[in-house]
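The values are calculated or read from the model by the stated rules, or taken from the named source; none is laboratory data. A quick note: this is a predicted structure, and the numbers were derived from the prediction, not measured. Don't worry about glycine lacking a Cβ; one is built from the backbone with ideal geometry, like all the others, and counts go over all protein chains shown. Side chains are part of the model used for accessible areas, which takes the heavy atoms of the whole protein and leaves out ligands, DNA and RNA. Shrake-Rupley method; radii C 1.70, N 1.55, O 1.52, S 1.80 Å.
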Amino acid sequence: MAKPKVATTSLAGCFGCHMSLLDIDDRILKLVELVDFDKSPVDDIKEFTGRCAVGLIEGGCANEENVRVLQDFRRHCDILISVGDCAINGGIPAMRNAVPLKECFQEAYSTDNRLGPAVYNPDNQIPNDPEIPLLLDKVYPCHEVVKIDYHLPGCPPPADTLWEALVALLSDKPVALPYELIKYD
Amino acid sequence: MSETLESAIRDISQACGNDRSRMMDIVEAVQAKYGCVSGEAMDLIAKQVSTHRVEVESVVSFYAFLSEQPKGKVVIRLCDDIIDEMKGSESVAEAFKQELGIDFGETTPDGVITLEKTPCIGMCDQAPAALINNEIITYLSSDLAREIVRKLKKNPDPKKLVGRLGDGNNASHLVHSMVHNNIRLAGEVIFSEMAPGAGLKNALALNPQEVIRDVKTARLRGRGGAGFPTGMKWDFTRQATGDKKYVLCNADEGEPGTFKDRVILTEKSDLMFEGMAIAGYAIGADTGIVYLRGEYAYLRPLLEDVLARRRNDNLLGNDVMGKKGFNFDIRIQMGAGAYICGEETALISSCEGLRGDPKNRPPFPAQKGYLGCPTVVNNVETFCKVARILEHGPGWFAKMGSEGSSGTKLLSISGDCAKPGVYEVPFGIKVREVLDLCDAEDTAAVQVGGPSGQMIGMNQFGDSICYEHLATGGSVMVFNSTRDVLTIARKFMEFFVEESCGFCTPCRVGNVLLKEKLDDIIEGKGKSGDLDYLESLGATIKAASRCGLGQTSPNPILTTIKNFRSVYEAKIAAGKVEEGFQPTFDIHAALQTAEGIAGRKSVHA
Ligand SMILES: Cc1cc2nc3c(=O)[nH]c(=O)nc-3n(C[C@H](O)[C@H](O)[C@H](O)COP(=O)(O)O)c2cc1C
Ligand code: SF4
Ligand code: SF4
Ligand code: FES
């Protein structure tokens, strides 16, 4: 029987959650025995090659591309997991949610009124290349955009948490994480 | 100004005996005089009645008609309930806004006029209606609204706005209002001629137990909505230990669509006072209080006049009607715009000078009510029925109506019908017969019992109105086939969200969640599990809420799901969303700002 497939992505995240996944150390060898990786930065596969059992999502949705990738994940994965606080709550990127989008741009790019940092931008242009995805009005947690089946909190969630959750899901067992793995204080 | 705030408050408090349980009267008087109860005023009141500032503040912040911030000399409160909306209150609202140059919740810069919205003010049969200070303005139109503002700008005296006077006592100099009674069907219990004292005289010839026995034999049940057997309630109160007992009359009439007590208070208050005196005799009370909703303040002078006449005629006072040792008098307590105060334990709290929070039960008011004393609380109409039962005998009364619901019931009918108004009908009457009476055409839905009751569809028009089938405290709202039951349910949910006292979480939070989900469905963002969600959350709120408000507040949604499920399902099916997205996520809306800044559409659009 073919191995189940796992896909991963980093939306508006810092890749810290992916780093944590790599922190399972030598268990990565066991994981590769258990599953094949599909679309993921781990193997650099850019498009889905088929149906996946599990999709791991790092980061929330800050721009249109994030939304489309997430939508693609929902279409292709049986189970979607929001991994880490950015996926679950929006995290650090969502700090901009209290500021109107226009002001965010000005702060970042404009040299007017000394608003922006030391950017040489005499025409006060806001980057507007069709290649650059448009920003959303605010950063959305993933479950507000598509249905999410599981949430693994943490910034990032510890490697053991990711490991235990993945193994349980892939072997059809209930995800019963011990208290130490989901306590954060 | 010759009078300082301090001396004014001293006078007002002294007039109420510096009694902190009369807090409502004190703060209402201050509000009327100064247009607000300022922080300074609250401190002074607290000192005067020997309590803490927070006690005063909790009252002032609770009631819609009281405020810490100054309001205009004139406060316009436009009813924005569903019936008024159907009769065009939105264009009236626009006209008020334009002519005044302010939005709702604001005061004109000169501090003269404040504009507000309010739920049902009991004028549904002559909607759209507004309360301007204590004056009632009925049959509003946008033209009339503009004219009102112009007049008020010239002379900020709302009394001058009263147009052609209404019928009956509305035209008396004591009431002087343009309200119409709209009595469409006068039955023999409430609206037949009465000789003041007839029922009371018969009662005083019996002993108290015999009076209660007669009320029980008549099988009288409460007319306020819940339908509790009146005789049983009185018996409990009579037997409860306590030297001092009270009779409270619930004239709060807050359930949207109910206005029958208004008509009783205008035309038949004698009957009500008589019933209260009979209750006083039966349970051994010497004091009665009528809790009158703030919206009906315009009726107070008339009621005081009737009370004065009854005192004069020895129908109140000491040794009533020559009965040695039976002393009974009645005072009026004004409410201040809170629906929850119609709930009997909240009503008691309010009479005690507290926030209108319901109390835990047990103990029931019959054991521990007003000021901790055994108390009977009955609806206006219930007391009227008692007076008639004692006048004509329980057999006469019990012969009318249906098996489990004896006697007649006043219905207040509004909405899509040619003859809105008050109808006295025998219990057991079919909905269809009621619709015929009021000349309703093309009726698609009827809300029986107000928002806390139920919305029924055509297949239930054969059911009868009585406690066993369709219970109502009097509210019957008629909707024709052009109306959307979901929008109506949403309006009712807004009402409950606004009027929840906030004490318990299921009601305070749950109703908001129900309303938000309903909003989503109406906006085409519903998804398949939503009806299950609404039903299970609704059941939780009903089971876990502390008082009758929370226990009935999910009804607008639950009964429309039950009786109009297909309307919900059609809405949910029509609102198909892009594959994979949550129904509540709108990618186009989320991108709008960025598209505006970029000056172009998304490349994926
Ligand atoms: C939220 C709420 C509002 C109520 N409003 C009124 C009201 O305006 N008038 C009324 O008579 N009863 C009202 N009731 C019912 C009273 O609690 C109480 O049952 C009634 O006054 C008892 O009188 P009765 O037995 O004569 O009907 C309300 C109940 C609830 C839960
Ligand atoms: S949750 Fe923490 S580690 Fe994960 S993407 Fe966000 S910031 Fe990085
Ligand atoms: S059910 Fe609602 S109105 Fe009643 S006590 Fe609770 S919060 Fe207050
Ligand atoms: S007066 Fe507006 S709904 Fe009753």
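Considering only residues in segment B:368-401 that are surrounded by fewer than 24 Cβ atoms within 10 Å (Cβ to Cβ) and touching a Pro at 6+ places or on another chain (Cβ under 6 Å), the one that is farthest from B:Glu253 (Cα to Cα) turns out to be B:Met400. Considering (1) under 24 Å from B:Phe496 (Cβ atoms); (2) free of Cβ contacts under 8 Å to residues at least 12 places away in the same chain; (3) open to solvent by 60 Å² or more (accessible area, probe 1.4 Å), the lone condition that B:Arg361 does not fulfil carries the number (2). The residue that is surrounded by the fewest Cβ atoms within 10 Å (Cβ to Cβ), counting only those in segment A:35-66 that are in contact (Cβ under 8 Å) with a residue 60 or more places away in the chain and of a type in the set (S, T, N, Q), is A:Asn63. Annotation: A:Asn89 fulfils all but one of (1) open to solvent by less than 30 Å² (accessible area, probe 1.4 Å); (2) among the polar types (S, T, N, Q); (3) away from chain B (no Cβ under 14 Å); the unmet one is (1).
Taking the criterion of being modelled with pLDDT of 95 or more and open to solvent by 30 Å² or more (accessible area, probe 1.4 Å), no residue of segment B:519-532 qualifies.
I'd like to check which strands (runs of 3 or more DSSP E) are fully inside segment A:1-94 and have at least 1 residues that are under 13 Å from the mean Cα position of the chain (by Cα), away from ligand 1 (no atom under 16 Å from the Cβ) and of a type in the set (D, E, K, R). Walk me through how you get there before you give the answer.
On the way: elements: A:5-10, A:52-58, A:61-63, A:77-83.
Counting at least 1 such residues, we get A:52-58.
Just one of the listed residues (B:Ser89, B:Ser172) is modelled with pLDDT of 95 or more, within 22 Å of the chain's Cα centre (by Cα) and either open to solvent by 40 Å² or more (accessible area, probe 1.4 Å) or not aliphatic (A, V, I, L, M) (or both), and it is B:Ser89. Just wondering, is there one or more residues in segment B:93-109 that are more than 30 Å from B:Tyr139 (Cα to Cα), acidic (Asp, Glu) and open to solvent by 40 Å² or more (accessible area, probe 1.4 Å)? No, because not a single residue in segment B:93-109 is more than 30 Å from B:Tyr139 (Cα to Cα), acidic (Asp, Glu) and open to solvent by 40 Å² or more (accessible area, probe 1.4 Å).
Within segment A:125-149, being at the interface with another protein chain (Cβ under 9 Å from one of its Cβ atoms) and closer than 21 Å to A:Gly84 by Cα holds for A:Leu136, A:Lys138, A:Tyr140, A:His143, A:Glu144, A:Val145, A:Val146, A:Lys147. Quick check on segment B:138-152. Is at least one of its residues out of contact with any Ser or Thr (no Cβ under 6 Å at 6 or more places or on another chain) and at pLDDT below 95? No, every residue in segment B:138-152 fails to be out of contact with any Ser or Thr (no Cβ under 6 Å at 6 or more places or on another chain) and at pLDDT below 95. Reported count of residues in segment A:75-86, each being buried (at least 21 other Cβ atoms within 10 Å of the Cβ) and more than 13 Å from ligand 2 (Cβ to nearest atom), is 2. Look at segment B:331-351: where a residue is open to solvent by less than 10 Å² (accessible area, probe 1.4 Å) and a partner is in a loop (DSSP other than H, G, I, E, B) and aromatic (Phe, Trp, Tyr), sitting 6+ places away or on another chain with Cβ atoms under 7 Å, you get B:Ala336/B:Tyr63; B:Ala336/B:Phe65. Scanning segment B:424-458 for residues that are surrounded by fewer than 19 Cβ atoms within 10 Å (Cβ to Cβ) and either aromatic (Phe, Trp, Tyr) or free of Cβ contacts under 8 Å to residues at least 12 places away in the same chain (or both) yields B:Glu433, B:Asp436.
Is there a residue being in a loop (DSSP other than H, G, I, E, B) and hydroxyl-bearing (Ser, Thr, Tyr) anywhere in segment B:531-542? Full working, then the answer.
At the first step, the residues of segment B:531-542 found to be in a loop (DSSP other than H, G, I, E, B) are none.
Within segment B:531-542, not a single residue is in a loop (DSSP other than H, G, I, E, B) and hydroxyl-bearing (Ser, Thr, Tyr).
Within segment B:498-518, being open to solvent by 40 Å² or more (accessible area, probe 1.4 Å) and either assigned to a helix (DSSP H, G or I) or of a type in the set (Lys, Arg) (or both) holds for B:Glu498, B:Thr505, B:Arg508, B:Val509, B:Val512, B:Leu513, B:Lys515, B:Glu516.
Got a sec? Which of B:Leu558, B:Leu591 is in a helix (DSSP H, G or I), among the hydrophobic types (A, V, I, L, M, F, W, C) and more than 14 Å from chain A (Cβ to nearest Cβ)?
It is B:Leu558.
Of all the listed residues (B:Lys515, B:Lys542), the sole one being within 27 Å of B:Val485 (Cα to Cα) and either within 14 Å of another protein chain (Cβ to nearest Cβ) or out of contact with any Lys or Arg (no Cβ under 9 Å at 6 or more places or on another chain) (or both) is B:Lys542. The residue that is nearest to the chain's Cα centre (by Cα), counting only those in segment B:296-337 that are of a type in the set (A, V, I, L, M) and not in a helix (DSSP H, G or I), is B:Ala336.
Residues of segment B:51-60 that are within 18 Å of B:Glu295 (Cα to Cα) and either among the aromatic types (Phe, Trp, Tyr) or surrounded by fewer than 17 Cβ atoms within 10 Å (Cβ to Cβ) (or both): none at all.
Please go through segment B:338-375 and pick out each residue that is in a loop (DSSP other than H, G, I, E, B) and charged (D, E, K, R). Spell out how you get there, then give the answer.
Quick first cut of segment B:338-375, residues in a loop (DSSP other than H, G, I, E, B) only: B:338, B:343, B:352-369, B:373-374.
Correct list: B:Glu343, B:Glu352, B:Arg355, B:Asp357, B:Lys359, B:Arg361, B:Lys368.
Taking the criterion of being open to solvent by 40 Å² or more (accessible area, probe 1.4 Å) and within 14 Å of another protein chain (Cβ to nearest Cβ), would at least one residue in segment B:562-578 satisfy it? Yes, there is a match, as at least one residue in segment B:562-578 is open to solvent by 40 Å² or more (accessible area, probe 1.4 Å) and within 14 Å of another protein chain (Cβ to nearest Cβ). No other residue among A:Ile92, A:Ile88, A:Ile81, A:Ile28 is touching a Pro at 6+ places or on another chain (Cβ under 8 Å) and of a type in the set (Val, Ile, Thr) apart from A:Ile88. The C-beta contact set for segment B:39-50 (first residue closer than 11 Å to B:Ile26 by Cα, second residue open to solvent by less than 80 Å² (accessible area, probe 1.4 Å) and outside any helix (DSSP H, G or I), distance under 7 angstrom, 6+ apart or interchain) comprises B:Gln48/B:Asn18; B:Val49/B:Asn18; B:Val49/B:Asp19.
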